[in-house]
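Data first, discussion second: the structure below is written as structure tokens.
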Amino acid sequence: MTTTKQAVKTLLEARSIAIIGASENPEKVSGRPLYYLVKEGYAGKVFPVNPKYDQLMGLRCYPDLASIEDDVDLAIITVRAEQLEEELLKGIAKGVKAFVVFTSGFAEYNEEGRQRQERIRQICEEHRVALLGPNSVGMFNSRSGLIATFATALEKNGILPGEFGFVSQSGALGVYFFDMMQKEGIGFSKWVSTGNEAVLNTTDFLDYLVDDEETKVIGMYLEDIKDGHRFAALALK
């Protein structure tokens, strides 16, 4: 298994999730992942992290990552851009191997954001951790109930499981296709919004999906391909 395929596997098949900056309000970006995980019956462990609360949605809430006694596979980060590097390093110190970052204000914003994103990339490469984003709407794995997204389309009818894997470089269009396909009765195996692709990109997710036994059809919305030769080889696989 390639390094990037293992990284994607760590993200999409995580068995324990911490939500940094978790909120009690399911209408907020910071509150939706927790709400969805509970609603969809995620099979793994969920650890809300926010020093403001002792409990959220019936789950113990931790003041920080270090206070969690169990191992954490995946951390969802919802804090502001200037706090991301600090929270990422805390996660790495905890032993977290994968991160989903919703936060915007990076390379898509200005030069300072581009430099901030480059530091994030360097940290992840140095410590060999997976990262989806930043500026990502998130992802889900319908089979395990792993939902690491704030997409409001999930509020209507939840997720219809199926064999369609979808990866989008546009969060808005990715959510639109998800909603449209579900209305047509087409269920999903995995769904991913790659965001700024600071670490993992669409080709990395394609590499995982072509060998995923739960995925029979793959759809992608692309605006740019970083490694055309690798992408073409996987598309023909």
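The values are calculated or read from the model by the stated rules, or taken from the named source; none is laboratory data. What you see is a predicted model, and the numbers here were worked out from it, not measured in a lab. All Cβ positions, glycine included, derive from the backbone under ideal geometry; neighbour counts span all protein chains shown. To get the accessible areas, we keep the full protein, side chains included, count just its heavy atoms, and leave off ligands, DNA and RNA. Shrake-Rupley method; radii C 1.70, N 1.55, O 1.52, S 1.80 Å.
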Answer from VAL175, VAL199, VAL167 - the residue that is hydrophobic (A, V, I, L, M, F, W, C), more than 19 Å from LEU154 (Cβ to Cβ) and buried (at least 20 other Cβ atoms within 10 Å of the Cβ): VAL199
Any hit, the stretch 208-226, residues being more than 25 Å from ALA14 (Cβ to Cβ), open to solvent by 50 Å² or more (accessible area, probe 1.4 Å), in contact (Cβ under 8 Å) with a residue 12 or more places away in the chain and acidic (Asp, Glu): yes
Residues located in the stretch 39-56, provided they are modelled with pLDDT under 95 and of a type in the set (A, V, I, L, M): ALA43
The stretch 1-15 - residue that is open to solvent by 10 Å² or more (accessible area, probe 1.4 Å) and in contact with a strand residue (DSSP E or B) (Cβ under 8 Å, 6 or more places away or on another chain) and, of those, farthest from GLY95 (Cα to Cα): GLU13
ALA66, sole failed condition from (1) within 21 Å of GLN6 (Cβ to Cβ); (2) part of a helix (DSSP H, G or I); (3) of a type outside the set (D, E, K, R): (1)
Some residue of the stretch 185-193 being hydroxyl-bearing (Ser, Thr, Tyr) and closer than 24 Å to ARG116 by Cα: yes
Given (1) farther than 27 Å from ASP212 by Cβ; (2) part of a helix (DSSP H, G or I), number of the condition THR10 does not satisfy: (1)
GLU163 farther than 22 Å from PHE99 by Cα, of a type in the set (D, E, K, R) and touching a strand residue (DSSP E or B) at 6+ places or on another chain (Cβ under 8 Å): yes
Subset tally (residues that are under 15 Å from the mean Cα position of the chain (by Cα) and open to solvent by 30 Å² or more (accessible area, probe 1.4 Å)) for the stretch 178-196: 1
Filter result for LYS97 (modelled with pLDDT of 95 or more, closer than 22 Å to GLN6 by Cβ and of a type in the set (Lys, Arg)): yes
Qualifying residue in the stretch 19-28 (condition: closer than 15 Å to LYS97 by Cα and either in contact with a strand residue (DSSP E or B) (Cβ under 9 Å, 6 or more places away or on another chain) or not aliphatic (A, V, I, L, M) (or both)): yes
Options GLU86, GLU24, GLU82, GLU69: the member that is under 23 Å from ASN157 (Cα atoms) and open to solvent by 20 Å² or more (accessible area, probe 1.4 Å): GLU24
Tabulated pairs, the stretch 73-92, first closer than 19 Å to THR149 by Cα, second open to solvent by 60 Å² or more (accessible area, probe 1.4 Å) and among the hydrophobic types (A, V, I, L, M, F, W, C), C-beta under 7 angstrom, 6+ apart or interchain: THR78/VAL29
Of all residues making up the stretch 103-157, the number that are assigned to a loop (DSSP other than H, G, I, E, B), open to solvent by 60 Å² or more (accessible area, probe 1.4 Å) and within 21 Å of GLY91 (Cβ to Cβ): 2
